[in-house]
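Read through the structure below, which is laid out as structure tokens, and then see the notes.
The values are calculated or read from the model by the stated rules, or taken from the named source; none is laboratory data. None of these values were measured; they are calculated from a predicted model. Note: ideal-geometry Cβ built from the backbone for every residue, glycine included; neighbour counts use all protein chains shown. Just so you know, the surface numbers come from the protein's heavy atoms only, side chains and all, with ligands and any DNA or RNA stripped out. Shrake-Rupley method; radii C 1.70, N 1.55, O 1.52, S 1.80 Å.
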Amino acid sequence: MASRKNRKQSEYFFDYTLLFIVLFLLGFGLIMVYSTSSYEASISANLKYDEAYYLKHQAFAAVMGFFAMIVVANIPYHFWERFATLGYFVSAILIVLVLTPLGIEANGARRWLNLGLSVQPAEIAKLCMILFLASFICKMGKGIRTGRGFWMVLMIPVPICVMVWKITNNMSSAIIIFGIALLMLFVASPDYKRFVLMGAAGVAAVAALVFAIIQMEHSDLGFRGGRILAWLNPEDYASGTGFQTLQALYAIGSGGIFGKGLGQSMQKLGFLPEAQNDMIFSIICEELGLFGGIAVILLFVLLIWRFMVIANNSSDLFGALLVVGVMGHIAIQVILNIAVVTNTIPNTGISLPFISYGGSSVMFLMVEIGLVLSVAKGIKLKNI
């Protein structure tokens, strides 16, 4: 009788530690989105002078994402394996549809689709890439150890990355998708020498590119070349490409150790463009100080640690790779976002997961968390 009771309890196991961290980040994100965007929304006629405009949209996406997470978490994760190949091609089609009348242009970029709701195909592509690569690597088996298998897996994300980059003009999402694939391949492949060589070659190529850009005339560089020069010397481009970076650094510096207080930021008052999106971490540092910034980073570290625990104890390779893919997505995005805000790398549009304003990002991140919770649930069932 006791054994039957324990079996019933274990069937409803839920990783509440992971869930608590995600919900805390999501709730904190809603607070910061409101704090960061309320001034801009209140003076904008386009937003109907509604200071809660961004908060309402973000909260709606968060609620939808939460229910989607619960549904996905209660479906065995192997159910999605049969849709992996379909998802790969559907994500490619959705990216192409951006060029049709369904595409939505905002802030000079055409990256969204009007499907009843505004959806960013790049976010769908990230999720579909995780599913497809996890399935493909499992089917390859020991073939992943061969040079042919290694390069085949590495080339799979390239068409999607190129489409995201060229069609939606979103290089940051293309980098993240390729980074997800690289991390999943790193975990699945036992030969780490290739990664060392690739890393060394990548660093050398980036160094050579930066050196070449420094030697060129500014008029020949183009938009992204100008961003690299602004990264190296933001003060020299304070009225142009370096403006946003400098304002973010002012926000971080003025926050001190404990910050000015929630809602007391000065940089959000029209000085820092897109403060509620890519640069929200700088407002966190200004209002909550170095203490608040480090606290947010530690929360993400705890989240990554939880992913690692689940991946290490997963009941099979497919589940482990799903968790690694989600972990890679969130970790890469957090690292790049904070690196951009602190001017560690050139400025590019990357949101802070669960915190930055963006409905598509929040919804699909919550779906990914649902997949992770489903894998965690499988671990408990294995140990009945």
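Observations, loosely collected:
- Sorting the segments 352-358, 253-259 by their residues' average number of neighbouring beta-carbon atoms within 10 angstrom, most packed first, yields 352-358, 253-259.
- From phi via Karplus (6.51, -1.76, 1.60), per-residue ³J(HN,Hα) for region 143-159 in Hz, x at Gly/Pro: x, 5, 7, 7, x, 5, x, 4, 6, 5, 5, 5, 7, 4, x, 4, x
- Global geometry of region 49-121, whether rounded, prolate or oblate, following the gyration tensor of its Cα atoms and the 1.5 cut on a/c: oblate
- Surface per residue (accessible, 1.4 Å probe) for region 140-211, Å²: 53 Å²
- Here region 1-153 exposes an accessible surface that is 65 percent carbon and sulfur, computed with a 1.4 Å probe and the other protein chains kept in place.
- Principal-axis analysis of the Cα atoms of the chain puts helix 193-215 at an angle of about 10° to the longest axis.
- Pairs of lysine residues in the chain that meet both criteria, 8 or more places apart or on different chains and Cα atoms under 16 Å apart, total 6.
- Helix 2-11 axis, angle to the chain major axis (alpha carbon atoms, nearest 10°): 40 degrees
- The chain: relative contact order in percent, alpha carbon pairs under 8 Å with at least 6 residues between: 27 percent
- For the chain, the longest principal axis of the C-alpha atoms and the axis of helix 317-341 are separated by about 10°.
- Within the chain, helix-based [θ] at 222 nm, where runs of 4 or more DSSP H residues each add -39,500 (n - 2.57), nearest 500: -23000 deg cm²/dmol
- Computing Rg and Dmax of the Cα atoms in Å directly from the structure and comparing it against (1) 21.4, 75; (2) 21.6, 80; (3) 20.1, 64 singles out (2).
- Ranked by the mean number of other Cβ atoms within 10 Å of their residues, highest first, the peptides 323-330, 44-51, 133-140 come out as 323-330, 133-140, 44-51.
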